[in-house]
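Structure, as structure tokens:
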Amino acid sequence: MLARHGETVFNVEGRWQGQADSPLTERGLAQARELGRALADDPITAVYSSDLGRAINTAAEVAVLHGLSVQGDERLREINTGEWTGKNREQIDAEFPGMRDAWAEAPGSMRMPGGETLEEALTRALAFFASRMPLHAGETVVVISHGGIGQAILVAARGGTVADLWLKERVDNCQISRLEWTAPEGLKLIELSDVRHLQEVGSLRGWRTTDVV
């Protein structure tokens, strides 16, 4: 299973996070707790997470209900947003005219100034799955990651490429997507972006092609 971290202060402020960190909001913490409850009855044997705080703190709410510790892995980090990190839309548009439109329209060809390409970020994320999933054959594993890299993982699991990055469906904070991994085929998407467990706490619901990651 693949989930996104809970809502953060930067999410609410409309600032790009990348590999910087921003604390979970009160709603983000509530979302993480609801994520843990939603997965409480699943036979989870391992919880992996990006090593960034917002993901680790979300993953902890899942792991504790199964008596597990969170295993952090830097390969699951968000895409490095370089010089966009910490900036909002207006600041990015003023400093880098037209680049946010390019991110929305042709993400596969974009490198944020001083940052990564999606292909580079996806390559490291898929390397994580290729190295860790063989240890969990037949088991249920939870992976907590981020908006941009999570979207790229889900596109790959649908047989697409980073050029096809934007799905019609949102990837909300603390959504749950269910996937299968096999050595011959890699990742395969089973269920996309379940948010039923978030009905009471709500979500920002603003993350789309021109929004922050």
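The values are calculated or read from the model by the stated rules, or taken from the named source; none is laboratory data. Bear in mind that the values here come from a model prediction, so they are computed numbers and not experimental data. Virtual Cβ from ideal backbone geometry, glycine too; neighbours counted across all protein chains shown. Each accessible area value is taken on the protein alone, full model and side chains, heavy atoms only, with ligands, DNA and RNA left out. Shrake-Rupley method; radii C 1.70, N 1.55, O 1.52, S 1.80 Å.
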Place a +1 charge on the Cβ of each Lys and Arg in region 1-52 and a -1 charge on the Cβ of each Asp and Glu, then give the dipole magnitude about the Cα centre in debye, rounded to the nearest 20. 80
What figure in square angstrom, to the nearest 10, would you give for the accessible area of ILE176 with a 1.4 Å probe? 10
Under 1.5 on a/c is rounded, so check that first for region 1-159, then, if it is not, pick prolate when a/b is larger than b/c and oblate when it is not; a ≥ b ≥ c are the square roots of the alpha carbon gyration tensor eigenvalues. oblate
When the chain is treated as a GNM, springs tying every alpha-carbon pair under 10 Å, which of ARG37, ARG75, ARG15 comes out with the largest mean-square fluctuation? ARG37
So what is the relative contact order for region 1-141, in percent, with contacts set as C-alpha pairs under 8 Å and at least six apart? 26
Options PHE96, ALA40, ASN80, ranked by Cα towards positive dipole end of the chain, top entry (Cβ charges): ALA40
What is the distance in Å between the Cα centroid of region 120-170 and that of region 1-60? 16
For ALA46, what residues show an amide H to amide H distance below 5 Å, using hydrogens built from the backbone and excluding near sequence neighbours? VAL142
DSSP-defined beta bridges in the chain - what % are antiparallel, rounded to 5: 50
Give me the dipole magnitude in Debye, nearest 20, for the chain about the Cα centre, with unit charges on the beta carbon: positive for Lys and Arg, negative for Asp and Glu. 140
Rounded to whole Hz, the Karplus (6.51, -1.76, 1.60) HN-Hα couplings of region 7-13, x for glycine and proline: 4, 10, 4, 5, 4, 5, 7
Taking only C-alpha pairs under 8 Å that are 6+ residues apart, what is the relative contact order of region 126-186 in percent? 39
Once you put a point 7 Å from the Cα of LEU135 and another 7 Å from the Cα of ASP194, both along the Cβ direction, what distance in nm separates them? 2.5
Using a 10 angstrom cutoff on alpha carbons, build the Gaussian network for the chain and name the most mobile of TRP84, TRP103, TRP16. TRP103
